[in-house]
Structure formats: structure tokens, C-alpha cells
Amino acid sequence: MYGLQEINKEYNRRGDAVVAFRCDRLEIGAGEYVAVVGPSGSGKTTLLSLLGGMLSPTRGKVWLDGQSLYDLSVAERTRIRRQRMGFVFQSFNLIPYLTALENVQLPLVLTGLPATEQCRRATALLDRFGLHGRLGHKPNELSVGQQQRVALARTLVNDPRIILADEPTGNLDPTNRQLVLEILDESCRSGRTVVMVTHDPEAARHAHRQLRLCDGAVSEILVRNSTTKSGDAA
Amino acid sequence: MGLRSLIWKELRERPWSLATSGLAILLGVASLVAIRHVTVASEGEVSRQLATLGANILILPKDATLENYYAADQNGGTLPEEHVSEVFLAGLTGVEKVSPKLCVPAELQGQSVTLAGILPQTEFRTKAAWQTVALFSAKPHTGCKKAKCAITANDALPESLATNRTIETLGETETVIGADVADRSGLKLGTKVTLLGETFEVLAILPRTGTVDDSRVFAHLHTVQRLAGMGEVVSAIEVMGCCEDAAGDLVPEIRKLLPDAKVVTISQVVQTQVGVNRLMANTSWFVLVVLTLVGGVSLAGAISANVRERRREIGTLMALGATPGFVARLFLIKALVLGLVGGISGCLIGLALALWLGPHWAAVEIVPLPQLMVASACAACALALVSAYWPARTAARLDPCICFREV
Ligand SMILES: Nc1ncnc2c1ncn2[C@@H]1O[C@H](COP(=O)(O)OP(=O)(O)O)[C@@H](O)[C@H]1O
Ligand SMILES: [Mg+2]
């Protein structure tokens, strides 16, 4: 699925180049569940943006299903994001002036699906996440856990093959954290590729593989035996 | 749900954030529409007046001002009445009629009116016969296109004073009253009224002209001279030329004849008036340009602020698959909505204003100008789009990575 090849992403800060992320070679297979861990500022979000087609690397290539992502036009990358990717954010990024239902409809609006179909799909997904009574609520009328569930419904409504999550449990209490992790597990079981940035070792253990980032470099890889849940260092 | 409902839902959330710029656009369009309506209507009125009175020449006291030719005979100064005969006896080519006028303040049933003394045309004819000079009408100038030498049946009616500015017959104790005076006093034909201590009989009530004549009372010149105790003087003499060419040629001749008077053509007076109109119109263009700039700049500012505070939302939309074009349209259409709302309501308010102010300010009836209104609404939309172009472009070029940034 993903292949990163001699990637280097630098930021210029008042003339000084700061390497935000670099790696010689990194592969993420289809259906794989990868956790990205590491201290703050180590380049986790940068990696996720590179994978999401939102940030061109200074050097190197990002391959997605045999296509070099950053050799495509902005419009084509946008289309790939729309069709194949779903994002989960730490603070949910719900649109404040839209209701739960409308927020979930949003990706379908962008693909140009008819309104009735938008509604049907969004309602079904929100029902599945236990939010049938909250369709008409604005984000500020929902609890934090409900907001993240709405956000997850929005992520999944397009049936994306890839899920890119940036600290999806960072703002949640244990119960809701568990719920989100279960949804991600379930997504992976149904064949989706999941890349999750997290600070939480417990959450990271849900992944098949853990990448540890330190100062922009992939310094450690932990692989878990895919049958046991308490995998360890490799 | 689609792009439009997305814009609508956002706009509905905080409609007041764009109120100032919307108001500026609305005021700009409203003032443009109002001013243009009044200007166009008064220009039409001026050219209509020119068409009927263009061939006329006014002889006024030297110190008279020319702001409003209808009131030009009310300047206060006077001319000796002999000037009338001098013009009349000079036998100038192209003169159709001569009409002297003396305006004095008077009271009619407790309301103050302007009493205008005029000389009926029959007296000229008697005088002409008596002086054995030919009537003016006998001498149209060569090549005259408009000569109106014969007296038509209509000219014989006293009401023709309203349009012809002359009257055929008027007795020494008869009076003709303007439409406004008639309305306010409720006077009827044949009623007796007292003016400057003398009793007059109402001979005619003039149809409404929309000019100062509406609030005037007319009587025989010699009666007015006697009652006012002013001697044989007049405030103005109007000379009707047969056509505008004649009027232009006549002015220098009359000037030579009457060196102590001011001789102007009605067109000159009207041009003065048009000049004043034009100055007003130019001033209002300036006001309009300022309003447009204020509207445009404040809209650009408002949309910029909107883009800034919605950065993360824009990033999120882009992460969800919104193209830069979609994001740009989000803001352009929003601005367009504002331009449309401001433009259309501005048009309606401007028209209402013009309909209300036109008769008060410029004494003209306003006819709605649909093309002008459509053009103004379109201009408002174009202004909105131009103002929103840069902020929208900024939004479209935002880095989608902002969606990961924590607030
Ligand atoms: N837009 C940017 N401009 C400059 N430096 C940036 C920018 N975004 C990230 N960085 C820098 O790149 C490094 C990695 O950032 P990030 O990927 O956000 O880290 P993490 O998500 O692991 O906290 C940090 O040192 C950060 O300061
Ligand atoms: Mg981060």
C-alpha cells in the first residue's frame, strides 16, 4: 500500500533548516494497523500529513498503490483523499455550525452524492454509533465522547481504505477511549489500513506494529505477533 | 446538503459579522439609484422645458441672478415698461410674442401669494394697429422651421397661459390663479376675490405645471402696477422667438436695443440650472465612489477575517476531500450573496427614496429605471466578488495540514 522512499521533510526556521521527519525506507502493507509513538515534536504529525497527501516532502517519494503521491496534481491528491482516506483528529474538528448529521454527510457532499443517499448513509452510521437521538445536535450540544463518535462516523462514512488518526484518544476519558479503539480495531478487521499516532502505550498495543519516532527519525520498530495481543519488542 | 446550503448554514450562524460591509454596499447602491433616478428625471424635465421654451428670451434687470429661470422674474429689481414697446416697435425678425411681467407679493384669503401682472396679447394687437406696425408674426425669419404664426383656437383660452406663457384676453379686474393656490383656497371660476384691496373675478384656474406658476396669481399688468404703486415698471420681459435659431440671433440685437438690461436666452438660464445639477451629480458620484470603496474594503476585510478564523475548518474540509476550488467558492458565493442582498435591497430603498424625494427636491415625477437598477445590482455583485477574490484565493491556498493543529 504505502512506500516511503528516502524521505526528508525540512522546515525553514529563520534560515535554519529543521528536519521534521526523515526515513530511508518504510513500507505499510494493505490492511496493516500501525501505531506511531514518540515524544512531542518528534515528527508524528508530519509523517501523517505526508501519508495523507497534504505535505510534500523536501526530498524523496511517497508511493501509494504504485503511484507517486507528490507527482500528482493537487486536485488528484484531493480526489484520492476524498475516495480512499479518512482522518481522525485529536480535537475532532467537527464543523461548529453543522449538526451531527450534517457533519457526517460532509464527505458525501464533497463526492457529490445525492442528498437522500447522503442522509441515509449518515443516519445509518450514527445509529450504529449509538447517536440516533443526536442527529440534529450541534457539536457544542454534544459530550466530548459523542463528538468523537460523530467524528468517527464522518471518517468512515466514505468507506475509506486508509484511516489516518492523529492522537484520536488524546482528549477522551477511558470509556470513550476504549470505544474509539474498538472502532479502529473493527476497521482494521474489515480490511482497512490504519495509521494511528498516539501517546498512549496502551492504545499503541492495539496495533500490529509500532513505529517510534525520535527527532524526526524512525528509531525503533516494535512488532507484535498478530495472534497475541500483548506483543513486544522486536 | 450541498455547497450552497453549507454557505447558508454558516452565514445564518453569525449574520451580523458581515452587516457593516453589507450596509455599506446597500447604502452605496441606494444612493446611486436614488441620485440617478432624480438626475435622469430632472434632466428629462429640463429638456422638456427647453423644447417648449427654448426659443424664449428673458429681459431682466442688470443685477438679476439666473439660478432658476422660473423665479428669475422675482429678483426684486425692475425695468421700465417702455422696454416692451421698444422691443415691440423695433420690428425684430423672428419675434412671435412679447410678454412683460411684474411680480409683487400679495395676500389672498390670508395666504401669501405672488401676484404676477401680465399683459394680454389683444392689447398688443390693438397697439400694433394703432402704431401701424406689422405684428411680429408677419415677419418670420428666413429658414424658420418652427414658426407658429397663426393663433390657434387653444391659444385663445386663458388656460393656455400655463403652456404658452401668454394670454389672449384679460380684463382689468380679472384674475387667473395657479393650481396650488386654487387647491388651498378652494376658489372656483367666477368667484370674487380681494387682492391688494381690489376685487377681482376668477377668470380661469391654470392646470398644474409643476413650476412656481402653480403658486401664483395672475392679473392685468396695469392693475398690478397701480395697486402696487410702483409706476410703469416690470420685473421681466419674456420674448418668444419663433425658433431657437432666432432666439440666438435676437439676443445681441435686444442687448443693443436695451443696454441697461440683462438679456439671456432660456437655454442659457436652463444651462445654468443644468450646470448646478451636474455639479450636484458629480458630488454625488464622489460620495458614491467613497461608499463603494468603503463597501469593497470592508467586505474584503470581513471575508479575510472569516477566512482567518475558519482556517482549521478549511483544513478539515480539505482533508475530507474539498478541492481548492470548492473552498474558494465557499467564500466567493458568500460574498455574492451579500452583494445580491445589498444590491437588491439598495435598489429598492434607492427607488423608494427617489420616488419620495424627487417631487420634493427637484419637482419632478420619478419614473423607475429598470436597467439602471439591474446594472447597480450587478455592479454590487461584481464589487463583492472582486473584494472577496483575494481572501478566497488565500483560503484556497491554505495548507490542509492546519487540520492537525491543536487550538
Ligand atoms: N509548519 C511548520 N513550520 C515549521 N516547523 C514545523 C511546522 N510543523 C512542524 N514543525 C516542526 O517539525 C517538527 C515535527 O513536528 P510534528 O510533526 O508536529 O511533531 P509531533 O506531531 O510529533 O508533535 C517539530 O520540531 C515542529 O516544530
Ligand atoms: Mg502532533
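The values are calculated or read from the model by the stated rules, or taken from the named source; none is laboratory data. Keep in mind the model is a prediction, meaning the values are calculated, not measured. In this analysis, Cβ positions are derived from the backbone assuming ideal geometry, glycine residues included, and neighbour counts consider all displayed protein chains. Side chains are part of the model used for accessible areas, which takes the heavy atoms of the whole protein and leaves out ligands, DNA and RNA. Shrake-Rupley method; radii C 1.70, N 1.55, O 1.52, S 1.80 Å.
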Could you check the stretch B:108-215 for helices (runs of 4 or more DSSP H) lying wholly inside it with 2 or more residues that are at pLDDT below 80 and in contact with a Ser or Thr (Cβ under 8 Å, 6 or more places away or on another chain)? B:161-164
Does the stretch B:395-406 contain at least one residue that is away from chain A (no Cβ under 11 Å), closer than 18 Å to B:ALA30 by Cα and not in a loop (DSSP other than H, G, I, E, B)? no
Can you list residue pairs whose Cβ atoms sit under 8 Å apart, with the first residue in the stretch A:12-40 being among the aromatic types (Phe, Trp, Tyr) and the second being more than 16 Å from ligand 2 (Cβ to nearest atom) and open to solvent by 50 Å² or more (accessible area, probe 1.4 Å)? Count only pairs 6 or more apart in sequence or on different chains. A:TYR33/A:HIS208
If you go through the stretch A:41-66, how many residues are touching a residue at least 12 places away in the same chain (Cβ under 8 Å) and either on the phi > 0 side of the Ramachandran plot or β-branched (Val, Ile, Thr) (or both)? 8
Quick check, is B:TRP390 away from ligand 1 (no atom under 16 Å from the Cβ), farther than 17 Å from B:ILE7 by Cα and at pLDDT below 90? no
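Hey, can you tell me all the residues within the stretch A:1-38 that are within 14 Å of chain B (Cβ to nearest Cβ) and either in contact with a helix residue (DSSP H, G or I) (Cβ under 7 Å, 6 or more places away or on another chain) or away from ligand 1 (no atom under 13 Å from the Cβ) (or both)?
Taking the stretch A:1-38 first, the residues within 14 Å of chain B (Cβ to nearest Cβ) are A:9, A:11, A:20-21, A:36.
Passing the criteria: A:LYS9, A:ALA20, A:PHE21, A:VAL36.
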Listed by range, helices (runs of 4 or more DSSP H) wholly within the stretch A:99-208 having at least 1 residues that are touching a residue at least 40 places away in the same chain (Cβ under 8 Å) are A:100-111, A:144-156, A:174-189, A:201-204
Considering every residue within the stretch A:47-58, establish whether at least one is of a type in the set (Val, Ile, Thr) and either within 16 Å of ligand 2 (Cβ to nearest atom) or crowded, with 22+ Cβ neighbours inside 10 Å (or both). no
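I'd like to know if the stretch A:89-97 contains one or more residues that are within 16 Å of ligand 2 (Cβ to nearest atom), touching a helix residue (DSSP H, G or I) at 6+ places or on another chain (Cβ under 6 Å) and farther than 20 Å from B:GLY315 by Cα.
No, the stretch A:89-97 contains no residue that is within 16 Å of ligand 2 (Cβ to nearest atom), touching a helix residue (DSSP H, G or I) at 6+ places or on another chain (Cβ under 6 Å) and farther than 20 Å from B:GLY315 by Cα.
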Pull up the stretch A:19-36, narrow it to residues that are assigned to a strand (DSSP E or B) and surrounded by fewer than 20 Cβ atoms within 10 Å (Cβ to Cβ), then point me to the one that is nearest to ligand 2 (Cβ to nearest atom). A:VAL19
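Matching residues to (1) modelled with pLDDT under 80; (2) away from chain A (no Cβ under 14 Å):
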residue: B:LYS262; (1), (2): no, yes
residue: B:ILE266; (1), (2): yes, yes
residue: B:GLN271; (1), (2): yes, yes
residue: B:ARG278; (1), (2): yes, yes
residue: B:PHE286; (1), (2): no, yes
residue: B:ILE303; (1), (2): no, yes
residue: B:ARG312; (1), (2): no, no
residue: B:THR316; (1), (2): no, no
